[in-house]
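Asks: Dropping a structure here in structure tokens format, bear with me for questions.
The values are calculated or read from the model by the stated rules, or taken from the named source; none is laboratory data. Predicted model, so just to flag it, every value in this text is computed and none were measured. Cβ: placed from backbone, ideal geometry, glycine included. Neighbour counts: every protein chain shown.
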Amino acid sequence: MTVQHKATLSFSDGTPSIEFPIYHGTVGPDVIDIRKLYAQTGKFTLDPGFMSTAACESKITYIDGDKGELLYRGYPIEQIAEHCDYLQTCYLLLNGELPDEAQRLDFDQRVTRHTMVHEQMARFLQGFRRDAHPMAVLVGMVGALSAFYHDSLDINNPEHRFVSAIRLIAKMPTLVAMAYKYSNGQPFMYPLNHLSYAANFMRMMFATPCEEYKPNDVLVRALDRILILHADHEQNASTSTVRLAGSSGANPFACIAAGIATLWGPAHGGANEACLVMLNDIQRMGGVEKIGEFIDQVKDKDSGVKLMGFGHRVYKNYDPRAKLMRETCHEVLGELGLHDDPLFALAMKLERIALEDEYFVKRKLYPNVDFYSGIVQKALGIPTEMFTCIFALARTVGWISQWNEMIADPDQKIGRPRQLFTGHVRRDVKPIPKASGAKK
Ligand code: SDX
């Protein structure tokens, strides 16, 4: 980053004005470095929700919300989705460049060799109710990984960080599939090393020991693309959680477990599950004819109803991932002969109506990555409650890449925000008169 300009802050309360350097990145908004503000003025800034706050410098993912542009290490998501597979995308996010053929084969091999989990993990699962939400199970299992890998928890050792990254990328499909199999009482399926990453996951999810499972190449490619679209997304809520947890020196498995917990929220990664529930509700209410009534509910602030899968803190244009997800929807539904899938037809009608409605236009609310992802995952046979687990599986590489970038930063410090305190000032406890007959 370069400094070419300064910002001057002046005060009407007599505090002397202060100058701050303005840094320019390679692209995107400039930043005002206010690190010295409190030391020099005794004042904090206040920015709930971090609407105007850059928490870090990063080289990994860039989003232009106005253009609806998403770049992974400079490459547009549309080109990554077309020309790369998920493991090549993982290599790119982790290392900064796409792998050449030798690097790709080596990386695939490393990941393949780490897909199994410790057998104790199967017993760990037994502690959960069978009807536990799979995200609750996943948070527990990923956090528990730190109990198995004492050999790679020195976060200041780049080799340990790399091994942990490989282990997490490799084991997430196995853990997610185990959470699913545990919920329906079927036996766990072990990974098969000759299968691709996405094919291996689909087999662990849908195969049983009773018969051969032949992955459908079109569906495998669709799933691989879904993983690519969810791989990273700058400093979103779950990534910021991973960075904050990592800033204390917590081990990578614990940090990723914290990220999974954050992603679960319906305002974040839980929106894909919530969006499908919403579409099913509208379908039950009467389908396309009831869209107007539903939109009226959304516009009524008192209803608390949101159009799930719409809106975004950064995108004030169409989320490029939503476009690619809609195309993937077409491909998968076509491959499965589900052209007239009622939920897909309902979603497209809902999108069209919303995009013409002043409420959404004025607020620049567009479909985001979660709007179509539930429909395509349902078509792939993934149950609704598993959608966010798939999001977590895909985002693990983004989280671990951002965590690695932070730990490797020599200027990294523990994150410790302050506050505007509006509670009681100091006061003394007054003795409370004892009721007669009270216990001594
Ligand atoms: C993800 O950050 C990331 O990068 C996240 C993500 C990633 O890859 O990591 O992209 C993944 O989380 C996508 C977002 C998934 N969430 C949803 O689809 C849930 C529905 N969307 C909203 O909850 C909301 O749009 C957020 C949380 C996504 C963004 O919220 P903001 O930026 O805080 O915006 P806001 O709530 O201040 O909304 C601005 C206005 C408000 O109305 P007014 O107060 O101006 O009258 O827009 C309204 C909101 O009420 N609004 C919506 C709406 N989203 C915003 N109204 C109806 N339906 C919606 N979906």
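Asks: Name the pairs whose Cβ atoms lie under 9 Å apart, with the first residue in segment 196-211 and within 16 Å of Arg113 (Cα to Cα), the second among the charged types (D, E, K, R) and outside any helix (DSSP H, G or I), and 6 or more positions between them or separate chains?
Replies: Ser196/Asp85; Tyr197/Asp85; Ala198/Asp85
Asks: Report every pair of residues separated by at least 6 positions or lying on different chains whose Cβ atoms are under 8 Å apart, first residue within segment 410-421 and within 13 Å of Cys56 (Cβ to Cβ), second of a type in the set (A, V, I, L, M, F, W, C) and not in a loop (DSSP other than H, G, I, E, B).
Replies: Filtered contacts from segment 410-421: Gln412/Met406; Gly415/Leu244.
Asks: Pick from Ser238, Ser247: which is in contact with a Gly (Cβ under 6 Å, 6 or more places away or on another chain) and away from the ligand (no atom under 13 Å from the Cβ)?
Replies: Numbers: Ser238 fails: away from the ligand (no atom under 13 Å from the Cβ).
Result: Ser247 is the single residue among Ser238, Ser247 that is in contact with a Gly (Cβ under 6 Å, 6 or more places away or on another chain) and away from the ligand (no atom under 13 Å from the Cβ).
Asks: So, of the residues in segment 216-235 that are touching a helix residue (DSSP H, G or I) at 6+ places or on another chain (Cβ under 6 Å) and under 10 Å from Ala198 (Cα atoms), which turns out to be farthest from the ligand (Cβ to nearest atom)? I'd like the intermediate steps shown before the answer.
Replies: Within segment 216-235, the subset touching a helix residue (DSSP H, G or I) at 6+ places or on another chain (Cβ under 6 Å) is 218, 220, 222-225, 227-232.
Still in the list and also under 10 Å from Ala198 (Cα atoms): 220, 222-225, 227.
Numbers: Val220: 23, Ala222: 19, Leu223: 17, Asp224: 17, Arg225: 15, Leu227: 13 Å.
Applying the filter and picking the extreme gives Val220.
Asks: Separate question: Could you look through segment 307-353, keep only residues that are surrounded by fewer than 22 Cβ atoms within 10 Å (Cβ to Cβ) and basic (Lys, Arg), and pick out the one that is nearest to the ligand (Cβ to nearest atom)?
Replies: Among residues in segment 307-353 that are surrounded by fewer than 22 Cβ atoms within 10 Å (Cβ to Cβ) and basic (Lys, Arg), the one nearest to the ligand (Cβ to nearest atom) is Arg313.
Asks: Suppose the filter is in a helix (DSSP H, G or I), in contact with a strand residue (DSSP E or B) (Cβ under 8 Å, 6 or more places away or on another chain) and modelled with pLDDT under 95; does Glu351 pass it?
Replies: Yes.
Asks: Let me ask something else. Looking only at segment 141-158, how many residues end up being surrounded by fewer than 18 Cβ atoms within 10 Å (Cβ to Cβ) and closer than 25 Å to Met386 by Cβ?
Replies: Of the residues in that region, 2 qualify.
Asks: Anything in segment 275-321 that is outside any helix (DSSP H, G or I) and among the small types (Gly, Ala, Ser)? List them, or say none.
Replies: Here is the first cut: in segment 275-321, the residues outside any helix (DSSP H, G or I) are 286, 300, 304-319.
Selection gives Gly286, Gly304, Gly309, Gly311.
Asks: Name the single residue that is nearest to Asn272 (Cα to Cα) among those in segment 354-375 being within 10 Å of the ligand (Cβ to nearest atom) and not in a helix (DSSP H, G or I).
Replies: Here the residue is Asn368.
Asks: I'm checking my understanding of the structure. Among residues of segment 264-274 that are part of a helix (DSSP H, G or I) and out of contact with any Phe, Trp or Tyr (no Cβ under 6 Å at 6 or more places or on another chain), which one is nearest to the ligand (Cβ to nearest atom)?
Replies: Initial filter on segment 264-274 (part of a helix (DSSP H, G or I)): 271-274.
Still in the list and also out of contact with any Phe, Trp or Tyr (no Cβ under 6 Å at 6 or more places or on another chain): 271, 274.
Numbers: Ala271: 3, Ala274: 7 Å.
Taking the candidates together, the pick is Ala271.
Asks: Here is a follow-up. Do you know which residues across segment 276-306 are more than 13 Å from the ligand (Cβ to nearest atom) and touching a Leu at 6+ places or on another chain (Cβ under 8 Å)? Don't jump to the end; show me each part of the working.
Replies: First, the residues of segment 276-306 that are more than 13 Å from the ligand (Cβ to nearest atom): 280-293.
Matches in segment 276-306: Asn280, Ile282, Gln283, Gly287, Val288, Ile291.
Asks: Tell me which helices (runs of 4 or more DSSP H) are completely within segment 103-210 and hold 2 or more residues being within 28 Å of Thr89 (Cα to Cα), or say none if there are none.
Replies: Working: elements: 120-125, 134-145, 158-184, 197-206.
Helices (runs of 4 or more DSSP H) meeting the threshold: 134-145, 158-184, 197-206.
Asks: Additional query: Show the residue pairs meeting these rules: Cβ distance below 8 Å; 6+ apart or different chains; first residue within segment 228-245 and more than 23 Å from Pro76 (Cβ to Cβ) and among the small types (Gly, Ala, Ser); second residue more than 7 Å from the ligand (Cβ to nearest atom) and in a loop (DSSP other than H, G, I, E, B).
Replies: From residues that are more than 23 Å from Pro76 (Cβ to Cβ) and among the small types (Gly, Ala, Ser), the pairs are Ala237/Gly265; Ser240/Ala55.
Asks: Identify, from the list Pro367, Pro383, the residue that is buried (at least 22 other Cβ atoms within 10 Å of the Cβ), of a type outside the set (Phe, Trp, Tyr) and more than 15 Å from the chain's Cα centre (by Cα). Steps first, answer last, please.
Replies: Working: Pro383 fails: buried (at least 22 other Cβ atoms within 10 Å of the Cβ).
That would be Pro367, the only listed residue that is buried (at least 22 other Cβ atoms within 10 Å of the Cβ), of a type outside the set (Phe, Trp, Tyr) and more than 15 Å from the chain's Cα centre (by Cα).
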